[in-house]
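> Sharing a structure below in structure tokens format, with a few things to ask.
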Amino acid sequence: MEQILKRHLRSRLRKSRKRLRARFHKKLSRRILDQLRAILHRGPGSIPLNILFYWPIHSEVDLKTLPICCPEHHFFLPRSLKNGAMEILRFSTGSELTPDEKGIPAPDECQEKIQPEGLDLIIVPGTGFDLQGNRLGYGGGYYDRLLQGKSIPTLGIGFQIQVQKSPLPTSSNDITLDALLTETGLTIINCEFPYSYS
């Protein structure tokens, strides 16, 4: 029943996000990017930060220019593997990306790799979010496996139309996000989340 509900929500939320007009999508993405840049420029004092971000697919918030906006930090992208795991590879502006096992652009396997424990922040996309820190992904469980048993700060990124008033359906393997950023602002869920505007 839970999986059926998740599939229904994924479909509905992806359609809703896809209906955003291109100009409006770009405007909201820019607003989120500006807020994220302000947050990262403040940081917790550990400059430069090692940050895992994502390459947008399926009308996700576009963060492709984040490394250009914040050149003082080190950026990494995930690469999905055949075994259902993800490896974390260094991203360099201007370097060529190739499709991973899920068809998502990712750095070449010869790029510098880092273990999750070496990251200061993980920026997590999704199809849906709630204000309790629950996230609805695409069903592959990649981020849940990556973060299982680890205490790396996580920041969900999405449009406000993706945030649900009611709690999302969850399973025991689902990770909870520490904070959520949309065009309307930053919501801190875990009070130990080390990043904010102030």
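> What share of the DSSP beta bridges in segment 94-198 is antiparallel, in percent to the nearest 5?
Bridges in segment 94-198 that DSSP calls antiparallel: roughly 55 percent.
> To continue, here is another question. Roughly what would the spin-label model give for D144 and S95, points 7 Å off Cα along C-beta, in nm?
3.0 nm
> Quick one: the Cα spread of segment 115-191 along its three principal axes, in angstroms, biggest first?
Answer, in whole Å and largest first: 33, 24, 20 Å.
> Does the chain come out rounded, prolate or oblate, given a ≥ b ≥ c as the square roots of the eigenvalues of its C-alpha gyration tensor, rounded meaning a/c under 1.5 and, failing that, prolate meaning a/b above b/c?
Because its axes are fairly even, with a/c under 1.5, the chain counts as rounded.
> I need the shape label for segment 10-107. Rule: rounded when a/c is under 1.5, else prolate if a/b > b/c, else oblate, with a, b, c from the alpha carbon gyration tensor.
Here segment 10-107 falls in the oblate category.
> Give the residue list of trypsin sites (Lys or Arg not before Pro) in segment 5-72 that are DSSP loop and have at most 15 other beta-carbon atoms within 10 angstrom.
R19, R21, K64
> Need one word for segment 99-147: rounded, prolate or oblate. Basis is the Cα gyration tensor (sqrt eigenvalues a ≥ b ≥ c); a/c below 1.5 gives rounded, then a/b vs b/c decides.
It comes out oblate by the Cα gyration axes.
> May I pose another question? Under a point spin-label approximation (7 Å from Cα along Cα-to-Cβ), what is the Q3-T176 distance to one decimal in nm?
Output for this residue pair reads 2.5 nm.
> Here's another thing I want to ask about it. For the chain, what is the charge dipole size about the Cα centre, in debye to the nearest 20, if Lys and Arg each add +1 at the Cβ and Asp and Glu each add -1 at the Cβ?
1180 debye
> Sticking with this structure for a sec: What does the extension gain come out to for I188 and Q160, with contour length at 0.36 nm per residue minus their alpha carbon separation?
So the extension gain works out to 8.6 nm.
> Using the structure shown, list the pairs from K82/K102; K6/K150; K64/K150; K27/K165; K27/K102 with a Cα-Cα distance above 19 Å, or answer none.
Distance filter (> 19 Å) returns K6/K150; K64/K150; K27/K165; K27/K102.
> Same structure, new question: May I ask you to give the solvent-accessible area per residue for the chain, in square angstrom, as obtained with a 1.4 angstrom probe?
51 Å²
> Can you send over the carbon and sulfur percentage of the accessible area for segment 109-156, probe radius 1.4 Å, protein chains only?
46 percent
The values are calculated or read from the model by the stated rules, or taken from the named source; none is laboratory data. Since we're looking at a predicted model, the values are computed, not measured. Backbone-built Cβ (ideal geometry, glycine too); neighbour counts: all protein chains shown. Ligands, DNA and RNA are stripped out before the accessible areas are found, and what is left, the full protein with its side chains, is counted by its heavy atoms. Shrake-Rupley method; radii C 1.70, N 1.55, O 1.52, S 1.80 Å.
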